[in-house]
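For reference, the structure discussed in these notes is given below.
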Amino acid sequence: MASKTININLKIWRQKNANSKGSMETYKLDNVSTDSSFLEMLDQLNEQLVNERKEPIAFDHDCREGICGMCSLYINGEAHGPDRAVTTCQLHMRKFKDGETIYVEPWRAKAFPVIKDLVVDRSAFDRIQQAGGFVSVNTSGRTMDANAIPIGKAEADKAFEAATCIGCGACVASCKNASAMLFVSAKVSQLALLPQGQVEAQQRVLNMVKQMDEEGFGNCTNTGACAVECPKEISLENIARMNREYLKAMVAAE
Amino acid sequence: MSILDSKIPEGHISKKWTDYKDHLRLVAPNNRPKIDIIVVGTGLAGASAAASLGEMGYNVKAFCFQDSPRRAHSIAAQGGINAAKNYQNDGDSIYRLFYDTIKGGDYRAREANVHRLAEVSGNIIDQCVAQGVPFAREYGGLLDNRSFGGTQVQRTFYAAGQTGQQLLLGAYSAISRQIGLGNVQMYNRHEMLDLVKVDGKARGIIARNLITGEIERHSAHAVILCTGGYGNVYFLSTNAMGSNVTAAWKAHKRGAYFANPCYVQIHPTCIPVHGTNQSKLTLMSESLRNSGRIWVPKKKEDAEAIRAGKLKPTQIAEEDRDYYLERRYPAFGNLVPRDVASRAAKERCDAGFGIEANDTMEGVYLDFSSEIQAKGKQTAYASGNHNPSEEEIIQLGKKWVEEKYGNLFQMYEKITDENPYETPMKIYPAVHYTMGGVWVDYNLQSTIPGCFVAGEANFSDHGANRLGASALMQGLADGYFVLPYTVSDYLAGDIRTGKISTDSPEFEEAENNVRDMISKFLNNNGSKSVDHFHKRLGHIMWNKVGMGRNAQGLTEAISEIAALREEFYKEVYVPGDANELNPELEKALRVADFMELGQLMARDALQRNESCGGHFREEYQDAEGETLRDDENFNFVGAWEYKGMDINQSELHKEVLNYEYIKIAARNYK
Amino acid sequence: MSKSGIFTSSLAKKYWMALTGLFLITFLVGHLLGNLQLITKTGEEGRRAFNEYAYFMGHNIFIKILAYLTYFSILAHACIGLYLAVQNKKARPKNYAYNKPGTNSSAASRYMAILGTILLIFIVTHMANFWWKQKITETVPLHYVENTTDMQIGQDPMTGAPVTRKITLQSALTTNGNYLEVAAKDVESGQSQELVKIKDTKLIDMNTNLHKAEGVRDLHTVVMNFFGHSEQGQPANEYALIAVILYVVSMFVLMFHLWHGFGSAFQSLGLNHRKYNGLIRFVGQAFAIVVPLAFAIIPVMIYLNR
Ligand SMILES: Cc1cc2nc3c(=O)[nH]c(=O)nc-3n(C[C@H](O)[C@H](O)[C@H](O)COP(=O)(O)OP(=O)(O)OC[C@H]3O[C@@H](n4cnc5c(N)ncnc54)[C@H](O)[C@@H]3O)c2cc1C
Ligand code: HEM
Ligand code: SF4
Ligand code: FES
């Protein structure tokens, strides 16, 4: 690992709480290792702020392995920053130049209100999930044997790919309409592709879309920005699949 | 010293659980809505427990500090989950899984618990598939398996390198359904800061709403802690940044014994440390050891040249490579258990063969070129090409590897900027999992009645070393298949209790405690950040309570941490207010508990004058550097009772382990 | 969930957008084929073909249904489209201080609503210029041809030689494809005589008051005038150049709208398949270029050939 350090300028959104008006503030940070992750850079900045007895910047994060979906950040005009197929925690400072000015903002969407600084409230995603993102099977341990229903590898793989969504919200953040279609369709697709999910497929898609609409997300106009910025490379095929599923359900619904 | 009652039921090991279950008390469906249960944590253990209890009709309140239950640290598990399904017909069975787990744990786990775990393992897979968890499949449509360390069968179910994610999302979907139905009330971004005991029983918690800072009282008839492991006491670990010991530690302080704190798993395959600002370490799944071969140069000068950047690993000839695991452990080769693999890496690096050019020169290679060759050839043959060119082989081989481990390879490349398809991965051991935890009996109940502990937070199933792919199994077994029975049995006595009031003096006292602690931190006029202290704590822990321990180092660690703790309370600066989102405050509260835990870990390690599993005392090793267990004197679970701020006052209780069904033997992977 | 809820959901709206959009795309094909007659055929033949086509389009019952569908589609498409656009704006009350949408999406896809609004303005003016005149104000004259011949109006009583005068006969093109003489005019004296009574497009026999035939309107001339030709005695539009430019610009707008819209409609309807996505994109983008281009060429040619 070729270790190098850079000096950067940061313009970061600061907002005391949900009700206050925020603004972009400027910071300067020196000696950032290019091997650092973006969040490690923010740690370093926060350490500097604490040492200056200023309030550090609040941002969401947990696993720092690109899997929990907790980290967010709109960096230099893109969700999860300029690199592709990574979350902010996996974005590394080697993607930035010495002397560069980096803009850091929270996800912006009516359905994702800012809580503080860079932290937003994504509970809308949970509520969509609660509306139907499951197979209604109780835990008994007496379900049929796991190998009772063979599932073609191709279908299983597709279901898996859809299921890798981490619920980070980058799709919403990068969509000009703040639409949640990629997220919702990933879950709908995963379950629609598996025989276990098919029993409730119609009701599921109707309920999840209804909840999605109620949360105040925008409408999909197929710009495709979501799939480009999605750290898990969830495919637009899933949106099409959800459109099909919904159409089917709409026609057949009683 | 008292004898702990583990409440292991009578009978033959294979019948214990079934018979016991049949005789547990039940709560009738109409009574369940009158009973409140608090579940802290929504990882595999917590989400599955909350969902199952919610399905049964109890009134469940679930808590997690993340913004959604789906983000619990279980999400990060990569490699897989074990189950004795014997789908591969390679001789697997419940007994063999039971045996492997006991042996893997270096004969320091409780037989009855482990057998139960092996018994329900198959049900877990059935349950998850029914929920729509997309496990990897073979072309015929049936479930695929891989091997993990410490076993000679293929019993690990997986979903690429994201098994934990898929399992957790399954459990999350189950809990989401119950939230939608109103059976589970979810409290996201809430952190439990104390356990409340009323009349000796766990009756609630004090939690801080992390957004508003509000201190809330929540009461229940039982409290279940599923709050994960405490690896972050080392600062650098593969755990998520928020993983902490606070919930478990608060229970400990309220009377729950803490068992085997010194048993820490150091995982052999993690990406080496890159610099001082590093915030965490990244695991490269154990499953990679199915396909990768671990080596360092045979010659020291080659290692030096590599560190100096003068040689590339691909330039080292085959005969100049030391595949030290294959050399030392021919039977298991690269698939020896984690503790063994980690120590072997440390041994090579200590001897000067490390290849990483960082401050510590620690690092070994995990090389996929042999596998790429082998699988490339296989794939070519399978597709009817019996005369593939070298290029075709390599291309097909890489494709095969990508299919199996694509996300891990990508993650490695993003972090290190090196392409692991072309050059071997650099890896080094890192803190990963904690076998120790809150002591629980067979019912998963701690020494506080009504306080149950499940998942990584308890100590129960893995002895001194956990085998890969067994934590996920344990979390789901506890939550789906054990707690619903044992908690019901406990609650059967509570159907007439009625709602627990939160106005009692006990709640008052606990809340005031929390408030005091918070205001103490916020009003402290220190100058150093929380991380500053956490890093220093981690340093002491890694150097003296890490992969190799000795009496002197441990004694030093105890007093060094004591001093650090004092300095921490004096010098720490926590900015911000109590009544707002305040990550620094959250960290301070957690680090305070880590300090105490760190000391206890050192004490426990000092007490255990033997080497076993993840606990390696340098004084106790054989001529070849293998662990020397002392079954005569240390065949027990060390459960600590809290006796106040001075950890030296904590009292050790022993639960002696009886091996009735497995002959205790030296662990041999040669 | 109530049935009505389903039909007003975001996805249902998208289906309407896609269906109406695709319908408008097929409409564009028909419209283009008709328009192309403005340049593919010349002289009276071209004029006649175009006007007859216009008549057919206005009177065939089947086409009429399609026409109403088209009006409906445009209205529905525009209304829902604008409604969605407003909702989408509301879904992000605060914008990013710094945004680089160009890195993840095409400009066409992001400006659909603006492009659509321009198209709407275009469609309105377009209809005012041609359709409104034809259908509502009915100020489009009939398709007349004039023929001046030396006509024998009698015999010289002395010599018996035929007496001829230059007479201009004006005939109207009728819907059954014939020309019916409707007036005659003495070129020298300027006297004229109506042979048929004309009411709107009805050609009525002077004597019997019977409805003899239906005249065809001369939209061709209106169009040619509009884009700079003086024809059939009608002066050319003074602002023809501006008209041509605006038309061409509108077609560019249409090009962008379709560049994204064509494929997008398939996606909205769930028609996404790895095997055919490439084809859909190719056809869509080819369509987006060829059709607006062909539309745009017509006024340009008319203008250049004036
Ligand atoms: C990188 C990595 C890879 C792994 N891979 C594997 C693998 O392949 N196979 C395997 O079997 N095991 C693996 N493990 C181990 C396994 O993932 C964990 O042991 C297991 O998931 C722990 O689950 P849990 O439910 O006990 O706790 P966690 O999943 O850690 O959940 C803890 C929960 O408790 C909550 N919590 C904690 N403290 C508080 C508090 N004070 N107040 C409120 N809420 C709190 C958190 O919000 C969270 O919801 C891996 C571990 C790591 C770190
Ligand atoms: C000849 C005229 C037009 C044609 C052929 C046409 C065609 C299309 C097509 C095919 C789509 C894609 C639909 C989808 O994504 O599902 C579309 C989208 C759109 N159109 Fe049009 N359109 C026309 C006129 C208009 C007009 C007049 C407006 C008025 C405002 C308009 C506004 C929009 C908008 C806003 C969208 C994006 C809507 C969305 O994707 O949700 N269009 N159009
Ligand atoms: S679809 Fe992609 S961008 Fe959207 S929430 Fe899931 S992982 Fe994040
Ligand atoms: S912190 Fe978990 S995905 Fe970034």
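No value in this document is a laboratory result; all are computed from the given coordinates. Since we're looking at a predicted model, the values are computed, not measured. Positions of Cβ are backbone-derived with ideal geometry, glycine not excepted, and every protein chain shown enters the neighbour counts.
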Fill in the blank from the handout: For peptide B:424-437, the mean count of other chain Cβ atoms within 10 Å per residue Cβ is 0
Completion exercise
If one builds a Gaussian network model of chain C from Cα atoms under 10 Å apart, the most fluctuating residue listed among C:Leu246, C:Leu28, C:Leu279 is C:Leu279
Practice task
Treat the count of other C-beta atoms within 10 Å as a stand-in for reagent exposure and order C:Phe62, B:Phe332, B:Phe157 from fewest to most.
Solution key: C:Phe62, B:Phe332, B:Phe157
Problem - Most mobile listed residue (A:Asn147, A:Asn177, A:Asn19) in chain A, GNM with C-alpha springs under 10 Å - result: A:Asn147
Problem - Using alpha-carbon coordinates, inclination of helix A:123-132 to the longest axis of chain A, degrees - result: 10
Exercise for the section: Identify, among B:Gln445, B:Gly479, B:Tyr405, the residue whose Cα sits farthest towards the positive end of the charge dipole of the range B:394-488, taking +1 on the Cβ of Lys and Arg and -1 on the Cβ of Asp and Glu, with the dipole about the Cα centre. Expected result: B:Tyr405
Fill in the blank from the handout: Any aspartates and glutamates whose Cα falls less than 16 Å from that of B:Lys298, other than same-chain ones fewer than 8 residues away, would be B:Glu318, B:Glu319, B:Asp320, B:Asp322, B:Glu326, B:Glu347, B:Asp350, B:Glu356, B:Glu362, B:Asp367
Completion exercise
By the C-alpha gyration tensor axes a ≥ b ≥ c (rounded if a/c is under 1.5, else prolate when a/b exceeds b/c, else oblate), the shape of the range B:269-429 is prolate
Practice task
Within 10 Å of each Cβ in peptide B:577-584, how many partner chain Cβ atoms are there on average? Round it to a whole number, please.
Solution key: 5
Fill in the blank from the handout: Going from the fewest other Cβ atoms within 10 Å to the most, one would list C:Lys64, C:Lys133 as C:Lys64, C:Lys133
Exercise for the section: Take each uninterrupted DSSP H stretch in chain C, measure its Cα extent along the helix axis, and return the ones at 27 Å or beyond whose mean Kyte-Doolittle hydropathy is at least 0.0. Expected result: C:10-40, C:61-90, C:240-268, C:274-304
Handout entry: Packing-based order for A:245-252, B:577-584, using average beta carbon neighbours within 10 Å, highest first
Key = B:577-584, A:245-252
Fill in the blank from the handout: In chain B, helical segments from DSSP H whose Cα atoms cover 20 Å or more along their own axis and that average at least -0.5 on the Kyte-Doolittle scale are B:111-131, B:163-181, B:551-571, B:583-607
Fill in the blank from the handout: Going fewest to most other Cβ atoms within 10 Å around each Cβ, B:Ile558, B:Ile205 line up as B:Ile558, B:Ile205
Completion exercise
To the nearest 10 degrees, the tilt of helix A:153-163 (Cα long axis) against the first principal axis of the alpha carbons of chain A is 50
Problem - Coil-residue GluC sites (Glu not before Pro) of the range C:131-184, DSSP, other Cβ within 10 Å capped at 12 - result: C:Glu138
Exercise for the section: Just check the range B:201-278 against the gyration tensor rule for me: Cα atoms, a ≥ b ≥ c as the square roots of the eigenvalues, rounded for a/c under 1.5, and otherwise prolate or oblate depending on whether a/b exceeds b/c. Expected result: oblate
Handout entry: Cβ-placed point charges (K, R +1; D, E -1), dipole of chain A about Cα centre in debye, nearest 20
Key = 400
Handout entry: chain B - share of DSSP beta bridges that are antiparallel (%, nearest 5)
Key = 70
Handout entry: Rounded to the nearest 20 debye, dipole of the range B:269-429 from Cβ charges on Lys, Arg, Asp, Glu
Key = 380
Handout entry: Positive dipole terminus of the range C:144-216, leading residue within C:Asn178, C:His211, C:Ala161 (C-beta point charges)
Key = C:His211
Handout entry: Charge dipole (debye, nearest 20) of chain B; +1 at Cβ of Lys and Arg, -1 at Cβ of Asp and Glu
Key = 800
Handout entry: Helix A:38-51 axis, angle to chain A major axis (alpha carbon atoms, nearest 10°)
Key = 40
Problem - Shielding score for A:205-211, defined as the mean number of other chain Cβ atoms within 10 Å - result: 3
Problem - Most fluctuating residue given options C:His273, C:His77, C:His126, as computed from a GNM of chain C linking Cα atoms under 10 Å - result: C:His273
Completion exercise
Gyration tensor on Cα atoms of the range B:418-527, a ≥ b ≥ c root eigenvalues, a/c under 1.5 rounded, else prolate if a/b beats b/c, else oblate, says oblate
Problem - Residue (of B:Ala602, B:Tyr620, B:Met192) at the positive-pole extreme of the protein assembly as shown, dipole from beta-carbon charges - result: B:Met192
